[in-house]
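Remarks on the structure that follows.
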Amino acid sequence: MYRQCRDRGFAAPVDVLMEIGYLSKKDYENWRYGRVSYLERVCTANLSKLSTVMHQMRVYAKKAGLKPSFCYYKRWGVKKKGGQGHKPVIPLRFSKSGNPEIERWYATHFVDTKRVSQLKAAALEKAEPPRQEGESPEDGASIS
């Protein structure tokens, strides 16, 4: 979780499960495409271990001052019916039980708002073209 927050400013339970080896990328993608009925079915850990991981994530997030942010997970690869209109939104299920509280915790990302600000500032610095010596930052004109 620490590594995810450092690298991109937030941590997601599904990414933590992949990072610790309880969920393969292939199984994650199969779930996202709707080939698996619920995420816990393809996790290599039992429900007790998964529950412990989820609990530890919440404890770490609270200690680190991370902001919980709900993320709506929907199925990938859904085509428009008859090629017209909006794509149907098909929600994904995380748990065997379907318990709304468990589903909400799996779908909650934890955001490090300070780190996100730092990453955005760093991205802006990279995006700005290097200035020539004597060039004004406001209009790009030379100072003479």
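Read-outs throughout are calculated quantities, based only on the coordinates presented, and are distinct from any laboratory measurement. In this text, all values refer to a predicted model and were calculated from it rather than measured experimentally. Positions of Cβ are generated from backbone atoms using ideal geometry, with glycine treated the same way; all protein chains shown enter the neighbour counts.
Details
- For region 105-112, Karplus couplings with θ = phi - 60° (6.51, -1.76, 1.60), whole Hz, Gly/Pro x: 5, 5, 8, 8, 8, 10, 10, 9
- Region 1-104: C-alpha gyration tensor shape, a/c 1.5 cut-off, then a/b vs b/c: prolate
- In this simple spin-label approximation, ASN99 and LEU124 carry label points 7 Å from Cα along the Cα→Cβ vector, and these lie 4.3 nm apart.
- When +1 charges are put on Lys and Arg Cβ atoms and -1 charges on Asp and Glu Cβ atoms, the dipole computed for region 1-115 relative to its Cα centre reaches about 360 debye.
- Each residue of region 50-66 was assigned a 3J(HN,Hα) from its phi angle through the Karplus curve 6.51 cos²θ - 1.76 cosθ + 1.60 (θ = phi - 60°); the sequence is 4, 4, 5, 4, 4, 5, 5, 4, 5, 4, 4, 4, 5, 5, 8, x, 7 Hz, with glycine and proline shown as x.
- Cα lying deepest toward the dipole's positive end in region 1-81, options HIS55, ALA45, GLY77, charges on Cβ: GLY77
- Region 1-44: chymotrypsin sites (Phe, Trp or Tyr not before Pro) in DSSP loop, at most 10 other beta carbons within 10 Å: none
- Proximity of backbone amide H atoms, modeled 1.01 Å from N, is registered between ARG75 and ILE90, LEU92 at under 5 Å, excluding neighbours fewer than 5 places apart on the same chain.
- Global geometry of region 21-75, whether rounded, prolate or oblate, following the gyration tensor of its Cα atoms and the 1.5 cut on a/c: oblate
- Zone residues, region 29-50, relative to LYS74, backbone N less than 18 Å from point 7 Å out along Cα-to-Cβ: 31-35
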